[in-house]
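Student: Handing you a structure now.
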Amino acid sequence: MGSTCYLISDLHLTSDRPDTFKAFAKFVSGEAAKLKLYILGDLFEAWLGDDDDSSLANEVRIILKTFTDTGGQLYIMPGNRDFLLGEAFCDTVGATLLTDPTVHIIGSKPTLLMHGDTLCTDDTEYQKFRKISRDPSWKTNVLSKSLEERRDLAKNLRQMSSEANSNKAESIMDVNTSTVDEFMGLYDITQLIHGHTHRPQHHQETFGDRWVLGAWEKEAWILKITDDERLLKAIRI
Ligand code: MN
């Protein structure tokens, strides 16, 4: 059991979905307790910065701190929704912050871990926004605003993104397979795990296995990996 590890992403936790939060709390304190857990982005539907003081943010802090205090190992990678999540949040909950991408040994294999948005290179409009919003001066500027101002900004960004996405072809919102090959080749690995696209599945790619995690909407998607087992499963929320 020592090497059992779980990978999840795209929970999109928000105060509007107490059922998802409950499923998450149950998983972290139950099946995943005392084990290794990777959260590969978009734990939150929106994240205003590590000073976020919403009751949801605080409840998640408590759950994750309890997880690490009782022997769980926690790794968190920010996604495109919660890209302002940083060291301060991770310190509070006893987690290690992962940069995107990162190579870790998972199930005895060097594995490339990503949120997945950087693989969606057909969505040029989104990639442009991504570049701007990851700029340190953009971040500093946003984080200097009050929580209230940032709350409005996040709302506007979400609205703009859902309007833009409703006009995009399905294929544009998925990964570009040449980009997948480029990353897997560049990092010289045979296992890639990512989320973001909400298309949970196992793919056989040119350089090896690609596991796509699922979003926590109707089901909680969990990838369980041991030295000799890889299991992508969905638990009804
Ligand atoms: Mn995402």
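Student: Residue by residue through the stretch 41-57, what is 3J(HN,Hα) from phi via Karplus (6.51 cos²θ - 1.76 cosθ + 1.60, θ = phi - 60°)? Round to whole Hz and write x for glycine and proline.
Tutor: Working through the residues one at a time gives x, 6, 4, 10, 5, 8, 9, 7, x, 5, 8, 3, 10, 5, 5, 4, 4 Hz.
Student: What is the Cα centroid distance between the stretch 155-223 and the stretch 123-141, reported in whole angstrom?
Tutor: Cα centroid of the stretch 155-223 versus Cα centroid of the stretch 123-141: 19 Å apart.
Student: Another question, then. Can you work out ³J(HN,Hα) from phi for every residue in the stretch 84-97, in order, using Karplus 6.51 cos²θ - 1.76 cosθ + 1.60 and θ = phi - 60°, giving whole Hz and x for Gly and Pro?
Tutor: 8, 6, x, 4, 5, 4, 5, 4, 4, 9, x, 9, 9, 7
Student: Based solely on its DSSP helices, what 222 nm [θ] is calculated for the chain when runs of n ≥ 4 H residues each add -39,500 (n - 2.57) and the sum is averaged over all residues, nearest 500 deg cm²/dmol?
Tutor: That calculation yields -10500 deg cm²/dmol at 222 nm.
Student: Another question, if that's okay. Suppose R0 equals 22 Å; then what is the FRET efficiency for Arg134 and Ser171 from their Cβ-Cβ distance, rounded to the nearest 0.05?
Tutor: 0.35
Student: Could you list which residues have their amide H under 5 Å from that of Asn80, counting only those 5 or more apart in sequence or on another chain, with H placed in the peptide plane?
Tutor: Amide H neighbours of Asn80, under 5 Å, 5+ apart: Asp42.
Student: Let me ask another. What are the ³J(HN,Hα) couplings of the stretch 67-83, residue after residue, when phi is run through the Karplus curve with 6.51, -1.76, 1.60 and θ = phi - 60°? Round to Hz, x for glycine and proline.
Tutor: 4, 6, 5, 9, x, x, 10, 10, 10, 10, 10, x, x, 7, 7, 10, 5
Student: Same structure again: How many percent of Cα pairs in the chain exceed 34 Å?
Tutor: Taking all Cα-Cα pairs of the chain, the fraction more than 34 Å apart is 11 percent.
Student: Which order results if Leu35, Leu223 are arranged by neighbouring Cβ count within 10 Å, fewest first?
Tutor: Least to most surrounded, the residues fall as Leu35, Leu223.
Student: Ok, one more. Looking at the chain, what % of its DSSP beta bridges pair antiparallel, to the nearest 5?
Tutor: Percentage antiparallel, nearest 5: 50.
Student: Can you pull the one-decimal nm distance between simple spin-label points at Ala88 and Tyr187, each 7 Å off the Cα toward Cβ?
Tutor: Between Ala88 and Tyr187, the label points sit 2.8 nm apart.
Student: So if we plug the beta-carbon distance of Ala164 and Thr66 into 1/(1 + (r/R0)^6) with R0 = 30 Å, what FRET efficiency do we get, rounded to 0.05?
Tutor: For R0 = 30 Å, the calculated efficiency reads 0.20.
Student: Pick out, from Gly208, Ile225, Phe27, the residue whose Cα sits farthest towards the positive end of the charge dipole of the chain, with +1 on the Cβ of Lys and Arg and -1 on the Cβ of Asp and Glu.
Tutor: Phe27
Student: Using the crude model of +1 on Lys and Arg Cβ and -1 on Asp and Glu Cβ, and no other charge, please compute the dipole size for the chain relative to its Cα centre, in debye to 20.
Tutor: For this selection, approximately 360 debye.
Every number here is computed from the coordinates shown, using simple stated rules; none is lab data. Only a predicted model underlies this, so the values are computations on that prediction, with no experimental measurement involved. Cβ sites come from the backbone with ideal geometry, for glycine too, and all protein chains shown count toward neighbours.
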